[in-house]
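Reading through the structure tokens given below for one structure.
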Amino acid sequence: LGRGLDTLITIEPSSTLESIFGQTHADEGSSMFSLIKPDGSVVDRLPVTLDEMRSLYADMVEARIFDRKAMAMQRQGRLATYAPFQGQEAAQIGAAAALRDDDWVTATYRDAALNWRAGYPWELLILGRVGDERGGQVPEGVNVLPPSITVGGHMVHAVGLAWGEMLKGTDRVALTSFGDGATSEGDFHEAMNFAAVYQTATIFFCQNNGYAISYPVAEQTRSETIAAKAAAYGMPGERVDGNDVVAVLLKVQEATERARSGGGPTLIEAVTYRMGPHTTSDDPDRYREGSEADSWEERDPLRRVRLLLEKAGGWTEQWQAELEEEASRRIEAAVVVAESVPEPTLEEMLTRMHAAGPEPE
Amino acid sequence: MTERTLAQALNDGLDVALRSDERVVLLGEDIGRTGGVFRITDGLRDKHGADRVYDTPVAEAGIVGAAFGMAVAGLRPVAEMQFMGFSYPAYDQIINHVARIRNRSNHRFTAPMVIRMPYGGGIGAAEHHSESTEAIYAHIPGLRVVVPSTPRDAKGLLLAAIEDPDPVVFLEPIRLYRSVKEEIPDIYYRVDIGPARVERPGDDVTLISWGAMMKETRQAAVALEEEGLSVEVLDLRTLIPLDRDAIALSVSKTGRAVVIHEAPLTAGFGAEVAATIQEHCLYDLRAPVQRVAGWDTVFPLKRSEHHYLPSVERIREAAMKTLED
């Protein structure tokens, strides 16, 4: 272990990426950057070590266990509405893994995996969904804003954060994560335009998961791809296989390096699929065929990495069992912490609107 | 000390803030090269640099949202909305994010920022340029709402707003920008956000107003005094937090109150003031509280402005009404 995977696996670049990875979008022709095929074979050399690959895989496993736990807790009445991310683990873990600890993140209610990998503790993500504002109080040093519940309003915050860091003279970047639906909001336009005009170190990370609740992406926009929108703002746009954790990691890494060296913002479209419902109060059978989700099962972001690792001699059933056991243990411990937070008091509710608390009567 | 108009006092306040605190950044439409449509930021870009005073694209939500990010990152942005009516596209950012981040993160993240808005009518402007919808901002928990009516208060409250750990909506009365003038200190000074100011002490009736309508309120007080009345004038200066003690103290003494504002009557901020008076002073009241306000209409265009704006005469009549019986 520890050797570069490129020394282990080298496969000729495939002739058409689309033959590996189906399109969710009308544009059958547009290509997207991809390295790991659904069957675990590799399109090109992978510039990550086996250890790094195993670590990314372990993070995705932990994220999926969290997602399942959260869904179960919601069914048990222990969480308020929950928005599952199953199927999008590679996009979220890959993007967060490309960031530095002190970078900023503004993301959505579906981005628990991304937020967690960027430093947001599981117990606070759970506490927020339990219905407690203290879930938004991330530890000092973690620069991840509480998940945005409005669609799209948080994108421009990553412009201001990066702009502020630029004026402070740091090289921190700000990554904002959003879905395909958010690109129709006026906020998207204002954020993209401001970022490009001031060349802020902002990464616009769009997880195109095919649907905005029930509305398919093909109807959301007439642009050929979401990445194509970047051209109008004068910034690079990248389209990447969002179910390929290494492809996402590399493209976000490229964007952060460019941003840190003064090269300005980048739009990255990670093409992925929401395996589950929009939220726990939604029934996807009303707007999509079950066979569609089935077809994405084989493109599962975890499965392909497991197959790859297996071929590279970096995966065993025993290791998988250990991973799952350890992740479950950490998540169960986080649940215990979140559920043992005392009931909030009226005083606490009244004193967090302003620095000095409510106005005296 | 230098004699300054309210507009010059604000310019001086921003100048002093930029000089004394490197975290202060100004952003808005046309505020750099031309110094803003009202010239409030005149000369500041040349003096402090284009990386302190930013001309921005025409996008109010973008301006406020970017300023929000800067504030969370540790700067002290001062965003200008060209007119209050242009703040509505940014209302989502203001309500959903600026006002809430402290609550959402239980104090972990805050947005210490100022959103300046020229407000009010009386200058014959086009539609949307004469708004005085302070009540819609006052209704949003998490915001401070400040409305100065004198040059001294304008500079001092602006510097206090920039220092404030929470977001402040700072309303600037367009009609008073150049029509009031006074000697004010050249140094850095603050006027605390919160306390109202008794501008003129009196015993018979209290006139309560803020911002642009202070001009007519002052004139009405002079007219009433000429008729032999002793009039107290209270300038609220800040709507949120509301100085309920100052209102109660004054009206308990005079037993009569007239609340004056330019905004439409219904659900205007005067209703909050009147409610405060009945809660605190009911047994001292000698007459029903009077409200003098704009009509429940859209602010009209130039030829009808005189129909809309509360006049000195309407204020005088309302005060006389509290003295009937």
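Restricting attention to segment A:127-137, which residues are in a loop (DSSP other than H, G, I, E, B) and either in contact (Cβ under 8 Å) with a residue 40 or more places away in the chain or under 15 Å from A:R110 (Cα atoms) (or both)?
Passing the criteria: A:G131, A:D132.
Looking at this structure, is B:E232 in contact with a Gly (Cβ under 9 Å, 6 or more places away or on another chain), under 30 Å from B:R104 (Cα atoms) and assigned to a strand (DSSP E or B)?
Against the criterion (in contact with a Gly (Cβ under 9 Å, 6 or more places away or on another chain), under 30 Å from B:R104 (Cα atoms) and assigned to a strand (DSSP E or B)), B:E232 does not qualify.
I'm trying to understand the selection: among the residues of segment A:40-78, which are over 20 Å from A:G94 (Cβ atoms), surrounded by fewer than 22 Cβ atoms within 10 Å (Cβ to Cβ) and hydrophobic (A, V, I, L, M, F, W, C)?
Correct list: A:M71, A:A72, A:M73.
Might you let me know whether segment B:182-191 holds any residue that is of a type in the set (V, I, T) and either closer than 23 Å to B:Q290 by Cβ or out of contact with any strand residue (DSSP E or B) (no Cβ under 8 Å at 6 or more places or on another chain) (or both)?
Yes, segment B:182-191 contains a residue that is of a type in the set (V, I, T) and either closer than 23 Å to B:Q290 by Cβ or out of contact with any strand residue (DSSP E or B) (no Cβ under 8 Å at 6 or more places or on another chain) (or both).
If you take the residues in segment B:48-69 that are touching a Phe, Trp or Tyr at 6+ places or on another chain (Cβ under 6 Å) and in contact (Cβ under 8 Å) with a residue 12 or more places away in the chain, which one is nearest to A:T106 (Cα to Cα)?
Across segment B:48-69, the extreme among qualifying residues is B:A66.
Looking at B:T254, B:T238, B:T217, which is the one that is surrounded by 16 or more Cβ atoms within 10 Å (Cβ to Cβ), without any contact (Cβ under 8 Å) to a residue 60 or more places away in the chain and of a type in the set (S, T, Y)?
It is B:T254.
Across segment B:16-47, what is the number of residues that are closer than 20 Å to B:I187 by Cβ and either without any contact (Cβ under 8 Å) to a residue 12 or more places away in the chain or among the basic types (K, R) (or both)?
Of the residues in segment B:16-47, 4 are closer than 20 Å to B:I187 by Cβ and either without any contact (Cβ under 8 Å) to a residue 12 or more places away in the chain or among the basic types (K, R) (or both).
Mind listing whichever residues of segment A:193-202 are within 19 Å of the chain's Cα centre (by Cα) and either surrounded by fewer than 24 Cβ atoms within 10 Å (Cβ to Cβ) or at the interface with chain B (Cβ under 10 Å from one of its Cβ atoms) (or both)?
A:T202
So B:F170 passes all but one of these: (1) out of contact with any helix residue (DSSP H, G or I) (no Cβ under 6 Å at 6 or more places or on another chain); (2) in contact (Cβ under 8 Å) with a residue 12 or more places away in the chain; (3) not charged (D, E, K, R). Which condition number does it fail?
(1) is the only condition that B:F170 fails.
Looking at A:A98, A:A83, can you tell me which residue is under 17 Å from A:L175 (Cα atoms), small (G, A, S) and away from chain B (no Cβ under 14 Å)?
A:A98
Looking at (1) under 20 Å from A:A270 (Cβ atoms); (2) at pLDDT 90 or above; (3) not polar (S, T, N, Q), which is the one condition that is false for A:D27?
(2)
State whether one or more residues within segment B:297-304 are assigned to a helix (DSSP H, G or I) and in contact (Cβ under 8 Å) with a residue 40 or more places away in the chain.
Yes, there is a match, as at least one residue in segment B:297-304 is assigned to a helix (DSSP H, G or I) and in contact (Cβ under 8 Å) with a residue 40 or more places away in the chain.
State all residues of segment A:193-209 that are out of contact with any Leu (no Cβ under 6 Å at 6 or more places or on another chain) and closer than 22 Å to A:D241 by Cα; if no residue qualifies, say none.
Result: A:T202, A:C206, A:Q207, A:N208, A:N209.
Do you know which residues across segment B:85-114 are within 19 Å of the chain's Cα centre (by Cα) and either surrounded by fewer than 24 Cβ atoms within 10 Å (Cβ to Cβ) or among the small types (G, A, S) (or both)?
B:G85, B:F86, B:S87, B:Y88, B:A90, B:Y91, B:I95, B:A99, B:P112
Is it the case that some residue within segment A:165-184 is within 7 Å of chain B (Cβ to nearest Cβ), crowded, with 24+ Cβ neighbours inside 10 Å and part of a helix (DSSP H, G or I)?
Yes, there is a match, as at least one residue in segment A:165-184 is within 7 Å of chain B (Cβ to nearest Cβ), crowded, with 24+ Cβ neighbours inside 10 Å and part of a helix (DSSP H, G or I).
Considering each of A:R239, A:R274 in turn, give the residue that is assigned to a loop (DSSP other than H, G, I, E, B) and either basic (K, R) or at pLDDT 95 or above (or both).
Just one listed residue meets the conditions, A:R274.
Within segment A:282-320, can you find the residues that are over 30 Å from A:D51 (Cβ atoms) and crowded, with 18+ Cβ neighbours inside 10 Å?
A:P284
A:E219 versus (1) outside any strand (DSSP E or B); (2) over 26 Å from B:D51 (Cβ atoms); (3) touching a Phe, Trp or Tyr at 6+ places or on another chain (Cβ under 6 Å): which is the lone unmet condition?
Checking A:E219 against (1) outside any strand (DSSP E or B); (2) over 26 Å from B:D51 (Cβ atoms); (3) touching a Phe, Trp or Tyr at 6+ places or on another chain (Cβ under 6 Å), the one that fails is (3).
Report whether or not B:E216 is closer than 23 Å to B:R175 by Cα, at pLDDT 95 or above and not in a helix (DSSP H, G or I).
Taking the combined requirement at face value, the residue does not satisfy it.
Could you list all residues from segment B:270-297 that are within 26 Å of B:G85 (Cβ to Cβ), under 20 Å from the mean Cα position of the chain (by Cα) and among the β-branched types (V, I, T)?
B:V273, B:V292
Mind counting the residues in segment A:295-330 that are polar (S, T, N, Q), farther than 23 Å from A:K69 by Cα and in contact with a helix residue (DSSP H, G or I) (Cβ under 9 Å, 6 or more places away or on another chain)?
Looking only at that region, the number is 1.
Name the single residue that is farthest from the chain's Cα centre (by Cα) among those in segment B:189-203 being surrounded by 15 or more Cβ atoms within 10 Å (Cβ to Cβ) and assigned to a loop (DSSP other than H, G, I, E, B).
Taking the candidates together, the pick is B:G202.
For segment B:170-188, which residues satisfy the criterion of being in contact with an Asp or Glu (Cβ under 9 Å, 6 or more places away or on another chain) and either among the hydroxyl-bearing types (S, T, Y) or assigned to a loop (DSSP other than H, G, I, E, B) (or both)?
Residue satisfying the conditions is B:D186 alone.
Picking from B:P165, B:P112, B:P89, B:P185, which residue would you name as being in contact with a helix residue (DSSP H, G or I) (Cβ under 6 Å, 6 or more places away or on another chain) and under 20 Å from B:G13 (Cα atoms)?
B:P112
Do we find that A:E140 is surrounded by fewer than 24 Cβ atoms within 10 Å (Cβ to Cβ), charged (D, E, K, R) and outside any loop (DSSP other than H, G, I, E, B) in this structure?
In short, no.
Might you let me know whether segment B:262-271 holds any residue that is within 14 Å of another protein chain (Cβ to nearest Cβ) and either crowded, with 23+ Cβ neighbours inside 10 Å or part of a helix (DSSP H, G or I) (or both)?
The answer is no; no qualifying residue exists.
The values are calculated or read from the model by the stated rules, or taken from the named source; none is laboratory data. These numbers come from a predicted model, not from an experiment. Because the Cβ atoms are built from the backbone with ideal geometry, glycine has one as well, and the counts that use them run over all protein chains shown.
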